[in-house]
Each structure stands twice: as structure tokens, then as C-alpha cells.
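Here the structure comes first, spelled out in C-alpha cells, and everything after it is commentary.
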Amino acid sequence: RISMHRRKLLEALETYAERYPQESNLVERFNIFIGENAHCFQSDNLIGHVTGSAWLVCPSYHRVLLTHHKKLNRWLQLGGHSDGEADSLKVALREASEESGLHVTVLDSSIFDLDIHEIPDRKQEAAHLHFDVRFVLQATDVNFVVSPESHDLRWVNIEDIEKYTKEYSVLRMRDKYSARHG
């Protein structure tokens, strides 16, 4: 039996699948994982866990804030662990604010993108999967503060993202955002 805290995300995934039918296999993997893991929002779930991320755009909509992630040593979107929070949008808001020091607002409360990626084995933890749920958020100003989780943060023009990262899922978000917002 699926608990209420997981049902909300499953319903949002259903809506996402209608919007992006070409990603039905990805959505199905999310559905299976959430259905089989009552503790899918907990970081101590050794298989993996649901995370929340932000495609955080500047007030003028033409730049996105990327983090040079300290542990992964890659330029990525802001985001992180749910820590038991079942509302992935709240997670994305919290993580974007914590990692940037910015006041952040929601541009669209529907899921913007999904990704499943492996976090490599490290001293403190075994390799596991992140089931990342992503939202489009907006910063109310551009004066960020680099958190201890990052080497650096940078506002990047949407069309220049490939100068920072070749991560397929980040480039996919760029393409989705550009298709919606020109």
C-alpha cells in the first residue's frame, strides 16, 4: 500500500509523463522505485533516494545559477537530499536557498525535469542512485554566497552552458527551458 507522502509525487509523475511521453521509461523507473521503497525520501536508503533540484534562473530569466559541486567536482544545478521531506518542490526551494544564500521563488510548481544518476562510491558511503526531481525556480537578486558544498557558483548565460558542463541532463534542462522561454 502506497502512503500519502509518496502518492503526491506519484501523481506529479503521472502529469509529467503526459507532458513528456518520450520519457515514459524514466518515469516508470521512478514509479517502481517509489512504489517499492517506503523510505525513498531518506538518505539512509542504501539503494538510492529521491532528491530535489532547482533550475534556478536570474531575475531577467536569461541566466541559470550553476554550482561547481565540491564532492562530484562538476558544474551542476543546485539541489540535494530530501532528508525525509516528501515534497520535492520544498526540497528544491530549500536546497537552492541554502546553497546560494539567495531568496528563491517558484516559477512553475510542476516537475520540470527528472533524472536518475549514480553517486559514486566514496569513503563515507557506498555507490547509490539519486532519483532527482527538478523544478524551475527564480532568484529575486543575483548576489549569491558560495556554500561549503561548492567550490564555486556562477550565473551562466543559457546559451553558454556547454562551456561549463557536458552533463546530458543539464543540457536537456537547458533545451527544455529554451523551448519554453525562448
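Would you check which residues across the stretch 161-182 are free of Cβ contacts under 8 Å to residues at least 60 places away in the same chain and in contact with a strand residue (DSSP E or B) (Cβ under 9 Å, 6 or more places away or on another chain) and list them?
So in the stretch 161-182, the residues free of Cβ contacts under 8 Å to residues at least 60 places away in the same chain come out as 162-163, 166, 168-169, 171-172, 175, 178-180, 182.
Matches in the stretch 161-182: K163, Y168, S169, R172, R180.
Name the residue that is nearest to I111 (Cα to Cα), counting only residues in the stretch 34-56 that are open to solvent by 10 Å² or more (accessible area, probe 1.4 Å) and assigned to a helix (DSSP H, G or I).
Here the answer is G35.
What do you reckon, is D115 closer than 22 Å to R19 by Cβ, of a type outside the set (A, V, I, L, M), touching a Ser or Thr at 6+ places or on another chain (Cβ under 8 Å) and at pLDDT 95 or above?
Yes: the conditions hold for D115.
Restricting to the stretch 16-48, give me the number of residues that are of a type in the set (G, A, S) and over 19 Å from D87 (Cβ atoms).
The number of residues fulfilling the criteria is 2.
If a residue has to be modelled with pLDDT under 95 and either within 15 Å of L129 (Cβ to Cβ) or open to solvent by less than 10 Å² (accessible area, probe 1.4 Å) (or both) to count, how many in the stretch 57-79 make the cut?
Going through the stretch 57-79 one residue at a time, the tally reaches 1.
Inspect the stretch 173-180 for any residue being at pLDDT below 95 and under 19 Å from V27 (Cα atoms) and give the result as yes or no.
No; the residues of the stretch 173-180 include none that is at pLDDT below 95 and under 19 Å from V27 (Cα atoms).
Could you check how many residues of the stretch 157-172 are open to solvent by less than 40 Å² (accessible area, probe 1.4 Å) and either at positive phi or in contact with a Ser or Thr (Cβ under 9 Å, 6 or more places away or on another chain) (or both)?
The total comes to 2.
Pick out the one residue from S53, S97 that is within 18 Å of A12 (Cα to Cα) and either among the hydroxyl-bearing types (S, T, Y) or in contact with a Lys or Arg (Cβ under 8 Å, 6 or more places away or on another chain) (or both).
Being within 18 Å of A12 (Cα to Cα) and either among the hydroxyl-bearing types (S, T, Y) or in contact with a Lys or Arg (Cβ under 8 Å, 6 or more places away or on another chain) (or both) holds for just one of S53, S97, which is S53.
Go through S60, S88, S43, S24 for me and flag whichever is closer than 23 Å to R180 by Cβ and touching a residue at least 12 places away in the same chain (Cβ under 8 Å).
Of S60, S88, S43, S24, the one residue that is closer than 23 Å to R180 by Cβ and touching a residue at least 12 places away in the same chain (Cβ under 8 Å) is S88.
Somewhere in the stretch 146-167, is a residue touching a helix residue (DSSP H, G or I) at 6+ places or on another chain (Cβ under 7 Å), of a type in the set (F, W, Y) and either farther than 28 Å from L46 by Cβ or outside any strand (DSSP E or B) (or both)?
No; the residues of the stretch 146-167 include none that is touching a helix residue (DSSP H, G or I) at 6+ places or on another chain (Cβ under 7 Å), of a type in the set (F, W, Y) and either farther than 28 Å from L46 by Cβ or outside any strand (DSSP E or B) (or both).
Among the candidates R134, R122, which residue alone is loosely packed, with under 12 Cβ neighbours inside 10 Å and of a type in the set (K, R)? I'd like the intermediate steps shown before the answer.
Details: R134 fails: loosely packed, with under 12 Cβ neighbours inside 10 Å.
Going through R134, R122 in turn, just one is loosely packed, with under 12 Cβ neighbours inside 10 Å and of a type in the set (K, R): R122.
Evaluate the following for F144: is it among the aromatic types (F, W, Y) and open to solvent by less than 20 Å² (accessible area, probe 1.4 Å)?
Numbers: among the aromatic types (F, W, Y): yes; open to solvent by less than 20 Å² (accessible area, probe 1.4 Å): no.
So F144 does not fit the description; no.
Checking the structure you have, find out if any residue of the stretch 14-33 is modelled with pLDDT of 95 or more, under 20 Å from E98 (Cα atoms) and of a type in the set (A, V, I, L, M, F, W, C).
No, there is no match, as no residue in the stretch 14-33 is modelled with pLDDT of 95 or more, under 20 Å from E98 (Cα atoms) and of a type in the set (A, V, I, L, M, F, W, C).
So, of the residues in the stretch 3-33 that are of a type in the set (A, V, I, L, M) and surrounded by fewer than 12 Cβ atoms within 10 Å (Cβ to Cβ), which turns out to be nearest to the chain's Cα centre (by Cα)?
The extreme case among them is I32.
The values are calculated or read from the model by the stated rules, or taken from the named source; none is laboratory data. Since this is a predicted model, take the numbers as computed values, not measurements. Using ideal geometry, Cβ is built from the backbone for each residue, glycine included, and neighbour counts are taken over all protein chains shown. Surface areas here come from the heavy atoms of the whole protein model, side chains and all, with no ligands, DNA or RNA. Shrake-Rupley method; radii C 1.70, N 1.55, O 1.52, S 1.80 Å.
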